[in-house]
Amino acid sequence: MGRNTIELDIKVPNQTRYLSLIGRIGDALARELEEEGGGREVLADQLNVVLTEAMSNAILHAHDDDPDKTVHISLSISDHELCIRVFDQGRGFDLDAVGEPDDEGSEEHGRGLFIIRCMMDVVTYRRSKGFNVLEMWKKLR
Amino acid sequence: MEIAVTENSGVTILTPMNERLDAHNSDTMKGAMKESFEAGAKNVLVDLSHVRFIDSSGLGALVSGFKNSVSHRGRLTLSGLQEQVRSMFELTRLHRVFEIHEGLQDALASFSEGDVHG
């Protein structure tokens, strides 16, 4: 682990009431980087959104809103990049099958992963050691 | 989530009071718009001035309200979008779908410009 690397490992109950807490942790982490790069307002909003979207995807879709399950999130930020991993125990989905939202805006659902992809540089979803992992990377400039 | 409901010159104003409109409380927002249109409201304004953060579920709730407005031959407008909220509308291109006004007074004025439904 590098001199300026921050790693967080978080487990919260599978409940949407914790979305705000996790989103705000992302926001606060981005602001910690302020001295390094400055102007982290946009990054703070993006991490808040990405964590909220990834976590609600795990809570509502992978874990069927079961309040007794747990969502596991890991965050790693170094000088040059950040990585967010959200682990779930659901059936999994095909990330490649997730397209862009329609232009008419008539769909109520289906924008979460599109938003994550817009805000992060690399997004993968894979099976690992009994869990599905949504892994999201972003270069810090 | 607390949603303030007020009336002004034939316009039902719904004001979500939370800073976040996300998957935790978006159903409440969705329900409030649905109830307004089902109760006979034709002109509904959602004042988002207290909302600093919205996610895809919050956007989805507003899309649901927009669909309710169409099916009830009413009108739904939005006002008071803060920076993060506006950028999420632009990212998902929903700013092209909704009628969006800068402030509450602009939105109310748009209803009184001779095109109030009902």
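The values are calculated or read from the model by the stated rules, or taken from the named source; none is laboratory data. Predicted model only: the values in this text are computed from it and were never measured. Heads up, the Cβs are rebuilt from the backbone with ideal geometry, glycines too, and the neighbour counts pull from every protein chain shown.
From the list A:Ile115, A:Ile25, the one residue that fits, being within 14 Å of chain B (Cβ to nearest Cβ) and closer than 20 Å to B:Ala61 by Cβ, is A:Ile115. For the stretch A:80-101, the criterion of being within 14 Å of chain B (Cβ to nearest Cβ), assigned to a helix (DSSP H, G or I) and without any contact (Cβ under 8 Å) to a residue 24 or more places away in the chain is satisfied by no residue at all. All of (1) in contact with an Asp or Glu (Cβ under 8 Å, 6 or more places away or on another chain); (2) among the aliphatic types (A, V, I, L, M); (3) under 11 Å from A:Ala54 (Cβ atoms) hold for A:Met119 with one exception: (1).
The residue of the stretch B:24-59 that is farthest from the other protein chains (Cβ to nearest Cβ), among those that are in contact with a His (Cβ under 8 Å, 6 or more places away or on another chain) and of a type in the set (D, E, K, R), is B:Lys42. When A:Thr70, A:Thr5, A:Thr16 are checked against the criterion of being among the hydroxyl-bearing types (Ser, Thr, Tyr) and within 13 Å of chain B (Cβ to nearest Cβ), A:Thr16 stands alone in meeting it. Among residues of the stretch B:60-89 being of a type in the set (S, T, N, Q) and closer than 18 Å to B:Gly103 by Cα, the one that is nearest to the other protein chains (Cβ to nearest Cβ) is B:Gln84.
Flag not set for A:Gln46, criterion: polar (S, T, N, Q), more than 14 Å from the chain's Cα centre (by Cα) and surrounded by 14 or more Cβ atoms within 10 Å (Cβ to Cβ). Suppose we filter A:Val50, A:Val98 for residues that are modelled with pLDDT under 95, closer than 26 Å to B:Gly65 by Cβ and of a type in the set (A, V, I, L, M, F, W, C); which single one remains? Testing whether each residue is modelled with pLDDT under 95, closer than 26 Å to B:Gly65 by Cβ and of a type in the set (A, V, I, L, M, F, W, C) leaves just A:Val98.
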